[in-house]
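Here's the structure we're looking at; comments come further down.
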Amino acid sequence: MPQPNAAFLPSEAEYLSCIRCGLCLAVCPTYRESLNEIDSPRGRLALARKGIDGELNLSPNLFEQMYACFDCLACNEICPVGLRPADLAVEMRRVQEQARPQRWKKMVFGEIVRRPELLEAATGPLRLYERLGLRRLLYRLGLRKLIPRRLRDMEALLPPLPRRPLRLRLPEVTPARGVGRYRVGFFLGCAQNLMFAEESAAAVRVLARNGCTVVTPRETVCCGMPAMSFGRPDDVRRQAIHNIRLCEKADVEVIVTDCATCGSVLKDYGKLLADDPDWSERAAAFSARVRDISEFLLSIPLEKPQGRIGKRVTYHDPCHLRRGQGVWRQPRELLKMIDGLDFVELSEADWCCGMAGTQLITHYQTSLDVLQRKTDNLAATQAGTVATGCPVCRMQLSLGIHRSGLDMQVVHPVALLDRAYSRGE
Amino acid sequence: MEEEIMLTQSILSQLEKIAGRDGVRSSPEDLAVYGYDGTFEESRPGVVLLPRTTGQVSQIVEVAVAQRIPIVARGMGSGLAAGSVPSRGGIALATTRMNRILEIDAANAVVRAEAGVVTADLQTAVENLGWFYPPDPSSLRHATVGGNIACNAGGPRCLKYGVTGDYVLGLTVVLANGRILHTGGKCIKDVVGFDLNALFTGSEGTLCVITEAVLRLIALPKFFRTALAEFVSLDGAARTVDSILAAGIVPAALELMDETAIACVEEAMHLGLPLDAEAVLLIETDGADEESVSREIEAAAGICRKRGARRVRVAGDEAERASLWQARRSVSPALGRKAPNKLGEDITVPRSAIPEVIRRLKAISGKYGLPVVIFGHAGDGNLHPNILFDKRDPGQWKKVGQMVEEEFSAALDLGGTLSGEHGVGAFKRPYLEKALGPVSIEIQKRIKQALDPLNILNPGKIFPD
């Protein structure tokens, strides 16, 4: 295969100083399952380097290794030289996409995710499946067993689906309860809107209760993470500009999201548009305002919930919240605020759950293997609830719990806080 | 290429029958990532094998013997002497998937484990039951038990507890003809016949493929105290090492880091290390009795102060202790921040010669104008001078060769040796004769000849051609 005539190639500084020490092998979830160097950050970096240097062909198999990375960022964190192998893997996907763009990616990331109404229409049948009781029927009659295992796993990922997407129900402005002290923008992510609507509704209630006038711009589009991880940062730039414009119009002090993935991307808009003379400043100003909901709640005087939740609860760190945003203390503190709640720390709490966006679909077996490690750790806590602030992790954890037959609920930490508030009333 | 001619499709399908399709890898991408270890050296294998049992390894060796294909065994590839780089192609045999801990026998205080178990995982497993497996190479989280044995790995704690080989009671190995041999067992004492455990430990994959080990455990120390002593002069720090040991204190570890090492770690990890000290000593005492452990660390701290330490900080809690150790373990990799390449040696001298060898190492650095960072296990005389350079600059690369030679000369001259824990691998071969003399080399070559007459096990390593 000819070397692509690419406008973009990762720079030498991103790989040259790898000293192959191997520290990253210890923390890489895919390596620790496959025990094969090709699934390690060091291996992927070596392949990227050799591909760029021309020592290896930029073959489909080489690019496949870049897609095998779960982008959990653990290697970025541990690399003593300061390299970011996970970022490099994602950049290499861009190299491939540039050389040979794929039609379906253009369709999905260039068109569908940019238009919430299309996304909502596309997922309509799933809501109908829930609403007509077909799903309950399937479970009750034991018909699920007739579905192939893999499809069954995909089905088990789906949380109870809302009747209507939250975007269509949530008022553009939710007034603060009592005195309005902050004007907060709420960035409603796609997965929250379509699947975890009740939890985002709870997040808005918690914000309003704590003195926030919550503005939810209806026309925001996907943060850009899927396009980014499929090698299409140019689509992300377009989405970023659209979202920045809307939030500027909303005139808010901070932009809060209850989705770990969205938060990590929104905080990166500044970097993403740094070389765009028209947008660099506006993007940087936007990113500086973005907060994960737990991060924001702990930065303001927060009402102590009066209701009790007498449950043992543990917490799973989403990669893109803990390593992507450095937020790990805050969600734990939120949980510990709740009376009666018995917080128990999860062993390897910040180890990837294995979903990593779409890995369950694209790398089914590895994803399940990584999930099993997580599920074993969850089981050891003997908690009845695991809290986590990422919709993708939530789906994957639910699947693991379902597969292992654990009796455990997965919730957003802020939804638990909301429950404690409402019980106190 | 030679190895491509050797590895025909029919051989590959034989290997697939043994190791399964998933255990035989031969795409250009697979081969590319098994060409290196923890160094800059590189050479591509003809095929990568990931067996799961000793039986599979044995069958693989039989195929290799019949076809005269070199076999290079490896664990996680963190070695620092290019010992597992397949310099003559052939089979790269990774033991990483043989990773079961087979038995923790508390009654006899031994653990039996497959070669691919990660050293840190083994330690965690036995520590959970109150036992202790002391060998602690800095790579313990990304190195395997089998690799540690093959290189007789050391680490900071070896000052008090000894090296990997001191814990090997038994081995299961596959010999160069494919036969499986069990050596030793669970007995602490065993003087029947030659000590084959000792022969295979540190043999770097040249005499056999290690697939399983029985390792001795000791009681887990209950108490630890760790101190960091800052010195304004490197020489002062070096002299203090001897004073501490001469006072009858045997710390669990006594580590030295010079100013460049400190700076690199601090830049990488932000642990609050002193950037204006010329050297620090990291001292740890441990034991079963809290009072004596504390007394020892205080005594060591006192000696440091008397010998000119400007500040001695004793870690207040486990978190502080962990961060000091994290700092020490990160030195080698963190040097990557200073230059694209580094060459780390691990010369060892009698410990009274430490101040002198450090002076000589600094002189070598001055003479050639390339930085030599010095850190290591000062307590047992095992130092890691690391030359920082850019391999793409032929001038620098040439100097590195000359510097290494002078480093080795300095060590030998002071009654020391080339390597305390990394092994000879490919890198130190040219200097072996000078270190061992012709008689020793001849005997060792004859042992190699007896065990691997076709020279298929890791050819091109340890011995000069």
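The values are calculated or read from the model by the stated rules, or taken from the named source; none is laboratory data. Note that the structure is a prediction, hence the values are computed from the model and not measured. FYI the Cβ positions are ideal-geometry reconstructions off the backbone, even for glycines, and counts take in every protein chain you see.
Among the candidates B:Ala120, B:Ala125, B:Ala109, B:Ala153, which residue alone is surrounded by fewer than 24 Cβ atoms within 10 Å (Cβ to Cβ) and touching a His at 6+ places or on another chain (Cβ under 9 Å)?
Values: B:Ala125 fails: touching a His at 6+ places or on another chain (Cβ under 9 Å); B:Ala109 fails: touching a His at 6+ places or on another chain (Cβ under 9 Å); B:Ala153 fails: surrounded by fewer than 24 Cβ atoms within 10 Å (Cβ to Cβ).
The unique qualifying residue is B:Ala120.
For the stretch B:441-453, which residues satisfy the criterion of being under 23 Å from B:Val173 (Cβ atoms) and exposed (fewer than 13 other Cβ atoms within 10 Å of the Cβ)?
Matches in the stretch B:441-453: B:Ile443, B:Arg446, B:Gln449, B:Ala450, B:Pro453.
Give the number of residues within the stretch B:426-462 that are of a type in the set (A, V, I, L, M), more than 11 Å from B:Thr206 (Cβ to Cβ) and touching a Ser or Thr at 6+ places or on another chain (Cβ under 7 Å). It would help to see each step written out before you state the result.
Restricting attention to the stretch B:426-462, the residues satisfying the condition of being of a type in the set (A, V, I, L, M) are B:426, B:432, B:435-436, B:439, B:441, B:443, B:447, B:450-451, B:454, B:456-457, B:462.
If we keep only those that are more than 11 Å from B:Thr206 (Cβ to Cβ) too, we end up with B:426, B:432, B:435-436, B:439, B:441, B:443, B:450, B:454.
If we keep only those that are touching a Ser or Thr at 6+ places or on another chain (Cβ under 7 Å) as well, we get B:426, B:435.
Count: 2.
Residues that are assigned to a helix (DSSP H, G or I) and out of contact with any Phe, Trp or Tyr (no Cβ under 6 Å at 6 or more places or on another chain): does the stretch A:335-356 have at least one? Steps first, please.
Our first condition is that a residue be assigned to a helix (DSSP H, G or I); within the stretch A:335-356, this holds for A:335-336.
From the residues that got through so far, the ones that are out of contact with any Phe, Trp or Tyr (no Cβ under 6 Å at 6 or more places or on another chain) too are none.
No - not one qualifying residue is present in the stretch A:335-356.
Check A:Pro305 against each of (1) more than 23 Å from A:Met408 (Cβ to Cβ); (2) assigned to a loop (DSSP other than H, G, I, E, B); (3) outside the structural domain of A:Gln239 (by TED's automatic domain parsing) and name the one condition it does not meet.
With respect to (1) more than 23 Å from A:Met408 (Cβ to Cβ); (2) assigned to a loop (DSSP other than H, G, I, E, B); (3) outside the structural domain of A:Gln239 (by TED's automatic domain parsing), A:Pro305 is out only on (1).
Which one of B:Asn99, B:Asn108, B:Asn128, B:Asn148 is within 14 Å of chain A (Cβ to nearest Cβ) and over 20 Å from the mean Cα position of the chain (by Cα)? Full working, then the answer.
Details: B:Asn99 fails: over 20 Å from the mean Cα position of the chain (by Cα); B:Asn108 fails: within 14 Å of chain A (Cβ to nearest Cβ); B:Asn148 fails: over 20 Å from the mean Cα position of the chain (by Cα).
Unique residue meeting the criteria: B:Asn128.
Please give the number of the condition B:Arg360 fails out of (1) within 14 Å of another protein chain (Cβ to nearest Cβ); (2) in contact with a helix residue (DSSP H, G or I) (Cβ under 6 Å, 6 or more places away or on another chain).
Among (1) within 14 Å of another protein chain (Cβ to nearest Cβ); (2) in contact with a helix residue (DSSP H, G or I) (Cβ under 6 Å, 6 or more places away or on another chain), the lone unmet condition for B:Arg360 is (1).
B:Tyr167: of a type in the set (Phe, Trp, Tyr) and either over 30 Å from A:Cys28 (Cα atoms) or within 14 Å of chain A (Cβ to nearest Cβ) (or both), yes or no? So that I can check it myself, show each step before the final result.
Working: of a type in the set (Phe, Trp, Tyr): yes; either over 30 Å from A:Cys28 (Cα atoms) or within 14 Å of chain A (Cβ to nearest Cβ) (or both): no.
So B:Tyr167 fails the test.
State which residue is farthest from B:Cys158 (Cα to Cα) when the search covers only the stretch B:432-465 and only residues that are in contact with a strand residue (DSSP E or B) (Cβ under 7 Å, 6 or more places away or on another chain) and assigned to a loop (DSSP other than H, G, I, E, B). Step through it out loud before you land on a result.
Just the residues of the stretch B:432-465 that are in contact with a strand residue (DSSP E or B) (Cβ under 7 Å, 6 or more places away or on another chain), to begin with: B:435, B:456-458.
Now drop any that are not assigned to a loop (DSSP other than H, G, I, E, B), which leaves B:456, B:458.
Details: B:Ile456: 33, B:Asn458: 27 Å.
So the residue we want is B:Ile456.
Could you check how many residues of the stretch B:374-431 are in a loop (DSSP other than H, G, I, E, B), modelled with pLDDT under 95, more than 17 Å from the chain's Cα centre (by Cα) and more than 21 Å from B:Ala334 (Cα to Cα)?
Within the stretch B:374-431, residues that are in a loop (DSSP other than H, G, I, E, B), modelled with pLDDT under 95, more than 17 Å from the chain's Cα centre (by Cα) and more than 21 Å from B:Ala334 (Cα to Cα) number 1.
Can you tell me how many residues within the stretch B:178-214 are of a type in the set (Val, Ile, Thr) and not in a loop (DSSP other than H, G, I, E, B)? Lay out the reasoning, then the answer.
At the first step, the residues of the stretch B:178-214 found to be of a type in the set (Val, Ile, Thr) are B:180, B:183, B:188, B:191-192, B:201, B:206, B:209-211, B:214.
Keeping just the survivors that are not in a loop (DSSP other than H, G, I, E, B) gives B:180, B:183, B:209-211, B:214.
Summing the residues that are of a type in the set (Val, Ile, Thr) and not in a loop (DSSP other than H, G, I, E, B) in the stretch B:178-214 gives 6.
Give me the pairs, please: first residue somewhere in the stretch B:333-346 and more than 7 Å from chain A (Cβ to nearest Cβ) and surrounded by 24 or more Cβ atoms within 10 Å (Cβ to Cβ), second residue anywhere and of a type in the set (Phe, Trp, Tyr) and part of a helix (DSSP H, G or I), beta-carbon distance under 9 Å, and either six or more positions apart or on two chains.
These pairs meet every condition: B:Glu345/B:Phe408.
Taking A:Ala250 as meeting all but one of (1) of a type in the set (Gly, Ala, Ser); (2) at pLDDT 95 or above; (3) under 27 Å from A:Ile112 (Cα atoms), write down the number of the exception.
Condition not satisfied by A:Ala250: (2).
Which count do you get for residues in the stretch B:159-187 that are of a type in the set (S, T, N, Q) and in contact (Cβ under 8 Å) with a residue 40 or more places away in the chain?
At the first step, the residues of the stretch B:159-187 found to be of a type in the set (S, T, N, Q) are B:164, B:172, B:177, B:183.
With in contact (Cβ under 8 Å) with a residue 40 or more places away in the chain added as a condition, the list becomes B:172, B:177.
Counting residues in the stretch B:159-187 that are of a type in the set (S, T, N, Q) and in contact (Cβ under 8 Å) with a residue 40 or more places away in the chain gives 2.
Look at the stretch A:87-119 and say how many of its residues are crowded, with 16+ Cβ neighbours inside 10 Å and among the charged types (D, E, K, R).
Count: 7.
Checking A:Pro148 against (1) more than 30 Å from B:Leu271 (Cα to Cα); (2) within 14 Å of chain B (Cβ to nearest Cβ): exactly one of these is not met. Which one?
Evaluating A:Pro148 over (1) more than 30 Å from B:Leu271 (Cα to Cα); (2) within 14 Å of chain B (Cβ to nearest Cβ) leaves (2) as the failure.
Which residue, of A:Arg245, A:Arg232, A:Arg183, is within 19 Å of A:Pro116 (Cα to Cα) and touching a residue at least 12 places away in the same chain (Cβ under 8 Å)? Working first, answer last.
Numbers: A:Arg245 fails: touching a residue at least 12 places away in the same chain (Cβ under 8 Å); A:Arg183 fails: within 19 Å of A:Pro116 (Cα to Cα).
A:Arg232 is the lone residue from the list that is within 19 Å of A:Pro116 (Cα to Cα) and touching a residue at least 12 places away in the same chain (Cβ under 8 Å).
Yes or no: the stretch A:242-258 includes at least one residue that is among the small types (Gly, Ala, Ser), surrounded by fewer than 20 Cβ atoms within 10 Å (Cβ to Cβ), under 20 Å from A:Leu207 (Cβ atoms) and in the same structural domain as A:Val215 (by TED's automatic domain parsing). Steps first, please.
From the stretch A:242-258, those among the small types (Gly, Ala, Ser) are A:250; that's our starting set.
This time we only want the ones that are surrounded by fewer than 20 Cβ atoms within 10 Å (Cβ to Cβ), so: A:250.
Next cut, under 20 Å from A:Leu207 (Cβ atoms) only: A:250.
Then drop every residue that is not in the same structural domain as A:Val215 (by TED's automatic domain parsing), which leaves A:250.
Checking the stretch A:242-258: at least one residue is among the small types (Gly, Ala, Ser), surrounded by fewer than 20 Cβ atoms within 10 Å (Cβ to Cβ), under 20 Å from A:Leu207 (Cβ atoms) and in the same structural domain as A:Val215 (by TED's automatic domain parsing).
Select from the stretch B:141-157 the residues that are out of contact with any strand residue (DSSP E or B) (no Cβ under 8 Å at 6 or more places or on another chain) and on the phi < 0 side of the Ramachandran plot and list them in ascending order.
Our first condition is that a residue be out of contact with any strand residue (DSSP E or B) (no Cβ under 8 Å at 6 or more places or on another chain); within the stretch B:141-157, this holds for B:148, B:151-153.
B:Asn148, B:Cys151, B:Ala153, listed by residue number.
Do any residues in the stretch B:23-48 that are in the same structural domain as B:Ser87 (by TED's automatic domain parsing) and of a type in the set (Asp, Glu) have Cβ atoms under 7 Å from those of residues that are buried (at least 20 other Cβ atoms within 10 Å of the Cβ) and assigned to a helix (DSSP H, G or I), where the two are at least six apart or on different chains, and which pairs are they?
B:Glu29/A:Ile38; B:Glu29/A:Leu47; B:Glu29/A:Leu62; B:Glu29/A:Gln65; B:Asp30/A:Ile38
Within the bounds of the stretch A:120-143, is there any residue that is in a loop (DSSP other than H, G, I, E, B), touching a residue at least 24 places away in the same chain (Cβ under 8 Å) and surrounded by 14 or more Cβ atoms within 10 Å (Cβ to Cβ)?
As a first pass, look at the stretch A:120-143 and keep what is in a loop (DSSP other than H, G, I, E, B): A:123, A:132-133, A:141-142.
Narrowing further to those that are touching a residue at least 24 places away in the same chain (Cβ under 8 Å): A:123.
Those left that are additionally surrounded by 14 or more Cβ atoms within 10 Å (Cβ to Cβ): A:123.
For the stretch A:120-143, residues in a loop (DSSP other than H, G, I, E, B), touching a residue at least 24 places away in the same chain (Cβ under 8 Å) and surrounded by 14 or more Cβ atoms within 10 Å (Cβ to Cβ): present.
Just to be sure, is B:Thr54 on the phi < 0 side of the Ramachandran plot and at pLDDT below 95? Show your work before the answer.
Values: on the phi < 0 side of the Ramachandran plot: yes; at pLDDT below 95: no.
Considered against the rule, which asks whether it is on the phi < 0 side of the Ramachandran plot and at pLDDT below 95, B:Thr54 comes out as no.
Quick check on B:Ser294: is it in contact (Cβ under 8 Å) with a residue 60 or more places away in the chain, more than 14 Å from chain A (Cβ to nearest Cβ), of a type in the set (S, T, N, Q) and surrounded by fewer than 20 Cβ atoms within 10 Å (Cβ to Cβ)? Lay out the reasoning, then the answer.
Values: in contact (Cβ under 8 Å) with a residue 60 or more places away in the chain: yes; more than 14 Å from chain A (Cβ to nearest Cβ): yes; of a type in the set (S, T, N, Q): yes; surrounded by fewer than 20 Cβ atoms within 10 Å (Cβ to Cβ): yes.
The answer is yes for B:Ser294.
Inspect the stretch A:252-262 for any residue being outside any helix (DSSP H, G or I) and touching a Cys at 6+ places or on another chain (Cβ under 6 Å) and give the result as yes or no. So that I can check it myself, show each step before the final result.
First, pick out the residues of the stretch A:252-262 that are outside any helix (DSSP H, G or I): A:252-259.
Subsequent filtering for residues that are touching a Cys at 6+ places or on another chain (Cβ under 6 Å) retains A:255.
Checking the stretch A:252-262: at least one residue is outside any helix (DSSP H, G or I) and touching a Cys at 6+ places or on another chain (Cβ under 6 Å).
Inside the stretch A:144-215, counting only helices (runs of 4 or more DSSP H) that do not spill past its ends, which hold 2 or more residues that are over 22 Å from A:Ser294 (Cα atoms) and outside the structural domain of A:Pro391 (by TED's automatic domain parsing)? Please lay out each step first, then the result.
Values: elements: A:149-157, A:190-194, A:197-209.
Fully inside the stretch A:144-215 and qualifying: A:149-157.
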